[in-house]
Structures are given as C-alpha cells and as structure tokens.
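Below: one structure, written as structure tokens.
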Amino acid sequence: MAYRWPAGTTCKRIALAVEDRSCPVCDRALHVGDHRYHALWTFEGPTQVVNRLVRCPDPSCQSRGRTFSPEAACSISMPRWGIGWDVLCGLGHRRLARHGSVPQLRLALQDTHQIAWSDDAIAHSIGVYQTLLAARQQDPDRLAEAYRDIESLVLTIDGLQPEKGHETLYVVRELKSKRVWFAEPLLSSAEPEVRRLIVLARQWAERLAKPVRAWMSDKQDAFVKAIATEFPGIPHRYCQNHFVRDLAKPVLDMDSQAKVTMRSKVRGLRAIERRVLAERRQAAAPESPPPPAAPQGAARSTAAPPASATPAQAATPAPYASSAGGVLHTDSAPEATSLATAEEPEIEDEAGEVVLGYCAAVRGILNHSQGGPLHPPGLRMSEALQDVRDSLDRNLGAKKGGRPSRC
Ligand SMILES: [Zn+2]
C-alpha cells in the first residue's frame, strides 16, 4: 500500500540528472523527455527526488524508445522505497547492534527525526536490512578475503533456541576467524536434516580451499554421524562449554538452591517503594500537616532504605534479618531518625530518590540470572548483594559523622 503523507508535508527537493548526456549508440545529445518523482523519508526529513529521464532524439537510432534514468537515484534509496539508505541502515544498526525493539525504534524515528513510520513498516525494513547483511556476510569474495591469512578451519555446530517454543536454530561457526557462517531453523534434529548443513559447510570449506582441522559440538548423535560421513578422518571434539557445564552440574544445582534461599530472604522492596511514593504524595499536598512520626522522617532522610522501613514492616515476618546472602540489617534506624528533622525540605526528595535507587538495584540483582559454569549466577548474586550491603554501611558511617552523603 502506498504511504500516505501527512497533509501539508513540505519536502526537500533533490534533482538528479543522467551523468553522461550523450547517446551510447549514436553519441547524440540526449533530450529530457520526462520526470519521475519519488517521495521518501531520509534523516534530512521528507525528501522528494526528481529524476530527469532522457531519450535519444534521433528517430532512426537503435536506442529509440529506451529511457535513461539518473544513476545516482540508487545511492539515495532503492526504487519505490519509502525510506532512504540512511534511515534503513540506522534502523538496522539500532536493532542489531543495540537490540532496540520495534516500538523503541518507532519512537526514536518519531522523536529524533520526526519520521512517522509504522511498526509494520519498521519490521519489514529490518527484514530487508537482515537480508542485505546476510548477503554481504556470505559473499564468497569477501569471505575469501577474510580467510586469506588463515591456514586451516575449525568448525562448530550447535542448536540454539533464541525464543522458547520456536524451532531450534542450527548455527555453523568457524572459530579461526570467529565468524558465523550460516544458520538455519530446523524442525527436527534428525540426521538427514542436520546432514544438509554439514554438507553445506563442506561446500563452503571447499570453495575457500582450506583444510578443516577439527569440528566441535555437543556431540549429539546426528552431529557425530553426519560429520563422520562428510568429513571422514577429521577430529570431532567435545565443546568445552558443554563439557564444563555437565561437569559442574552438581555445583550449579546447589548454586540454584542458594539463589532461591537468597531471594526468599531479601524481600519487601515493593512495600518500601510504596512508602516513599506515598510520602511524596503527602508532601505534595499543601494542607496536610508535616507528619512528625519517627519512621516517616527516617524514610525521608536516610540513605539506608531498609533500615528506615523496618518499623513499618512488622507485619512481614523478619524480612530484613541479617543473613549469609542478606543485604540489610535493622540496627541503624535510630541514627537515621535523629538526622531527619533538621534538613527536611531540601533533602526529602533526594533521600526518596536514593531509597528508590537502592530498591531498583536490589531488584535488578535478584532478577539477574546470567552466568555459566565458570561464573555461577548464585555466586554473582551473593557478591552483588554484599556490594549493596557495603554501600549501605558506608553511607551509614558517613551519617554518623553528621555529614549527609549521597549515594
Ligand atoms: Zn541515439
């Protein structure tokens, strides 16, 4: 469907002409016969490209009836596209290098460049960009150039599932130049399916005319059989990451158990955040008298959110007790409280900000589950929680000296 431009759009005009104005057949000067108009979005804004189309004026010339259009048009965009190369490449880069979602890209186009482009159109553009990128990555000449100084190849294959419920994506990589060669989603991991990819890898290696020194995989049956058939005599090693993961399985199980325990001990973040927000609302209402109660003041001024919130948390059973993985402790509420009243109007928002900042940090730590056999996630969680605890202690130490400190 044709793009509907907003009413009253004014376009920047770019006029293009054919570079060589003489007829390629009879060498006479070509005449402008017609114009082709192409409106599109570029980072410069709405743009109208005016192409001057030329023809040979000689009725007897063999080129008669042929129209020549400006070569430069393709450097702005492909024919009939609604966006220029600059916008397409900008979208592709933000999507692939910075992992921006389609709605984020739409807002970025709208806010930064005033380009009104729909989610569908953006998704389609990203598809086009990926096709161009794959063609460039797999271009035989470029590949040959990349492998010019590499003596031999080490190939790997693995099945990945980027999105749950989708078919597995089988990826063939070459380790010497750290390149993904190709990837294909397969409905089954049966040997004939997998073998097709191994055959393709063999053809790539043959085209590069480089010997394959080894294969590496998690050694599922289909891989082992297909590689043994297509690459007879080539060593097939077990992938180190899979190997270590299997070896570390008992430790990872314990690590995962420790994570559950830590999560169950560090709780009540939402209650703290709700309190800060409720107090802000109260402070914003001009008629309400300043609340004199100690816990309120403490929550406002202290940089130790959990400590200050503890009195109000009586209903929750011991949520902030000190523990192996715990961050928080209860014994410093009095100091924090005593500082509260003096500097109330200036600091109140700032303190709330600090409290919310701590809450966000702790939530991030609890939700983080990255890591592998060499960096177990539970261990990382424990270290991060300890960092938060140290930070709280430092802030409380500064408070004791009477100098309000910011995190
Ligand atoms: Zn001619």
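The values are calculated or read from the model by the stated rules, or taken from the named source; none is laboratory data. All values reported here derive from a predicted model rather than from experimental measurement. Don't worry about glycine lacking a Cβ; one is built from the backbone with ideal geometry, like all the others, and counts go over all protein chains shown. The accessibility values were calculated without ligands, DNA or RNA, using every heavy atom of the protein model including side chains. Shrake-Rupley method; radii C 1.70, N 1.55, O 1.52, S 1.80 Å.
Can you tell me which residue among Val251, Val260 is under 27 Å from Arg389 (Cβ atoms) and in contact (Cβ under 8 Å) with a residue 24 or more places away in the chain? Of Val251, Val260, the one residue that is under 27 Å from Arg389 (Cβ atoms) and in contact (Cβ under 8 Å) with a residue 24 or more places away in the chain is Val251.
The requirement of being of a type in the set (Ser, Thr, Tyr), within 16 Å of the ligand (Cβ to nearest atom) and surrounded by fewer than 12 Cβ atoms within 10 Å (Cβ to Cβ) is satisfied by Ser60. Of the residues that sit in the range 178-230 and are closer than 27 Å to Ala144 by Cβ and of a type in the set (Val, Ile, Thr), which one is farthest from the chain's Cα centre (by Cα)? So the residue we want is Thr229. With a requirement of 1 or more residues that are modelled with pLDDT of 50 or more, the helices (runs of 4 or more DSSP H) lying completely within the range 300-399 that satisfy it span 344-367. Within the set His38, His113, His93, His31, the sole residue that is open to solvent by 80 Å² or more (accessible area, probe 1.4 Å) and closer than 28 Å to Leu133 by Cβ turns out to be His93. With respect to Phe43, determine if the residue is within 16 Å of the ligand (Cβ to nearest atom), at negative phi and of a type in the set (Phe, Trp, Tyr). For Phe43, the condition - within 16 Å of the ligand (Cβ to nearest atom), at negative phi and of a type in the set (Phe, Trp, Tyr) - is not met.
Is it the case that Arg66 is within 16 Å of the ligand (Cβ to nearest atom) and open to solvent by 60 Å² or more (accessible area, probe 1.4 Å)? So Arg66 passes the test. The residues on offer are Pro185, Pro162, Pro140, and the sole one that is touching a Lys or Arg at 6+ places or on another chain (Cβ under 9 Å) and within 26 Å of Leu96 (Cβ to Cβ) is Pro140.
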